[in-house]
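One structure is given below, encoded as structure tokens.
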Amino acid sequence: MSDEILIDSHKLIYHPGRVSEWLKGEHIYPIYAEIALSGSCNHRCIFCALDYLNYKPVFMDMGLLLGTLQDMADSGVKSVMYAGEGEPLLNRNAAEIVNVTKKIGMDVALTSNGVLFTEEVTRECLEAFSWIRFSLNAGTGKTYGIVHRTKEADFDRVLGNLQYMVKYKRDHAIATTIGVQLLMIPENFEEVVELGKILKNTGVDYYTVKPYSQHPMSINCVGKNFDYGNFLDMENTLKTLENEKFKVFYRSWAMKKKSMEKGYDRCWGLPFWAYIDAGAKVWACSAYLGDEAFLYGDLKENSFKEIWDGGKRKKVMEHVACMDVDRCREICRLDAINTYLQELKNPGMHVNFI
């Protein structure tokens, strides 16, 4: 697994056909979509990038979504990650939606705080996932309560859910990759290694540590001035925890990129992905939810294919083409993709000399 999940890289190299079509200027459909099942959340993490949306109790309509999923699959979308503005498992239909997504033929993933991923949910839909990642941002209940702004007991509850999930996976020979992510900030950096030890004993497949990245519209700024350069050596300590079954991904490259200039002059990657919020609106970029300049359309009014093929999306892409990428997040999730596509669009000299 050490190289397979490519956390700080990208996977467009495995889709040469779609990339070739894009490079020729042809109309393409996204490979991947992120879908929010809930606008609400049971936590109020002090680093939450989407705090400005106010955690509205909006939930994705299952009937509308199931038709949309089939439309997406028919259009060539290959994978869906359920995450979004809130906690996806607050949607009472989450497990059924996950199973249908897999049955339709798309790969499925989930990011969650893990509190609601109960034994029942594990039995109901674990097998449908390609991967699951819990956001667990402390090594003790006390710090967990502070960072997640919830009761300390949720820490043990999440660990219990992970333990059951790992056992169920092994007992039923399920291939789902189970991971945990910690976002390192001043409030939890002293517990990064401790959580790694706990997770190794729990039996999850991997543990990843990432830096804070300031969202351009977020109220929170808890890790904005945190100097990650002082903690690059922590990777060596965490790597000692690794064995054949447990891997650590300490995102030192992402930490270094916070102080680097972007390797591209525009956002090229948006045609390869889509974001659908809990209210069924389709957006160009999750960093600009609520900004109408990035809104493609509303699934309550048009189908996914109609929105993707429509004139409004074309206008959004024209807007993005003229946008200064320095206004975006320090570490954009499309950063590696944009760098790759920039090189394809602007090849250097002597490219035929392999």
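A few remarks follow.
- For region 340-353, a residue qualifies if it is surrounded by fewer than 16 Cβ atoms within 10 Å (Cβ to Cβ) and either assigned to a loop (DSSP other than H, G, I, E, B) or touching a residue at least 40 places away in the same chain (Cβ under 8 Å) (or both), and the qualifying residues are LEU344, LYS345, ASN346, PRO347, GLY348, MET349, HIS350, VAL351, ASN352, PHE353.
- Residue in region 237-245 that is within 23 Å of CYS332 (Cα to Cα), assigned to a helix (DSSP H, G or I), more than 19 Å from the chain's Cα centre (by Cα) and among the basic types (Lys, Arg) present: no
- Scanning region 107-160 for residues that are open to solvent by 50 Å² or more (accessible area, probe 1.4 Å) and of a type in the set (Gly, Ala, Ser) returns a single hit, ALA153.
- Hits in region 46-70 (condition: crowded, with 17+ Cβ neighbours inside 10 Å and among the hydroxyl-bearing types (Ser, Thr, Tyr)): TYR55, THR68
- Condition met for ARG327 (open to solvent by 70 Å² or more (accessible area, probe 1.4 Å), at pLDDT below 95 and not polar (S, T, N, Q)): yes
- The number of residues in region 241-257 being crowded, with 18+ Cβ neighbours inside 10 Å and more than 17 Å from ILE5 (Cβ to Cβ) comes to 2.
- If only residues of region 214-230 that are buried (at least 19 other Cβ atoms within 10 Å of the Cβ) and touching a strand residue (DSSP E or B) at 6+ places or on another chain (Cβ under 9 Å) are counted, the one that is farthest from PHE155 (Cα to Cα) is TYR228.
For every residue, the table says whether it meets (1) aliphatic (A, V, I, L, M); (2) out of contact with any helix residue (DSSP H, G or I) (no Cβ under 6 Å at 6 or more places or on another chain); (3) over 27 Å from GLN214 (Cβ atoms).
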{"residue": "GLY310", "(1), (2), (3)": "no, yes, yes"}
{"residue": "HIS319", "(1), (2), (3)": "no, no, no"}
{"residue": "ASP326", "(1), (2), (3)": "no, yes, no"}
{"residue": "ARG329", "(1), (2), (3)": "no, no, no"}
{"residue": "ASP335", "(1), (2), (3)": "no, yes, no"}
{"residue": "LEU341", "(1), (2), (3)": "yes, yes, no"}
{"residue": "VAL351", "(1), (2), (3)": "yes, yes, yes"}
{"residue": "ILE354", "(1), (2), (3)": "yes, yes, yes"}
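- Among the criteria (1) aromatic (Phe, Trp, Tyr); (2) open to solvent by less than 20 Å² (accessible area, probe 1.4 Å); (3) more than 30 Å from LYS245 (Cα to Cα), the one TYR82 does not fulfil is (3).
- Matching residues, region 170-190, being open to solvent by 30 Å² or more (accessible area, probe 1.4 Å), closer than 28 Å to ASN220 by Cα and not in a strand (DSSP E or B): PRO186, GLU187, PHE189, GLU190
- Candidates GLY105, GLY141, GLY84 - the one that is modelled with pLDDT of 95 or more and at positive phi: GLY105
- Counted residues, region 23-45 - those being open to solvent by less than 30 Å² (accessible area, probe 1.4 Å) and more than 18 Å from the chain's Cα centre (by Cα): 1
The values are calculated or read from the model by the stated rules, or taken from the named source; none is laboratory data. What you are looking at is a predicted structure, and each value in this text was computed from that prediction instead of being measured. In this analysis, Cβ positions are derived from the backbone assuming ideal geometry, glycine residues included, and neighbour counts consider all displayed protein chains. Accessible surface areas use protein heavy atoms only, side chains included; no ligands, DNA or RNA. Shrake-Rupley method; radii C 1.70, N 1.55, O 1.52, S 1.80 Å.
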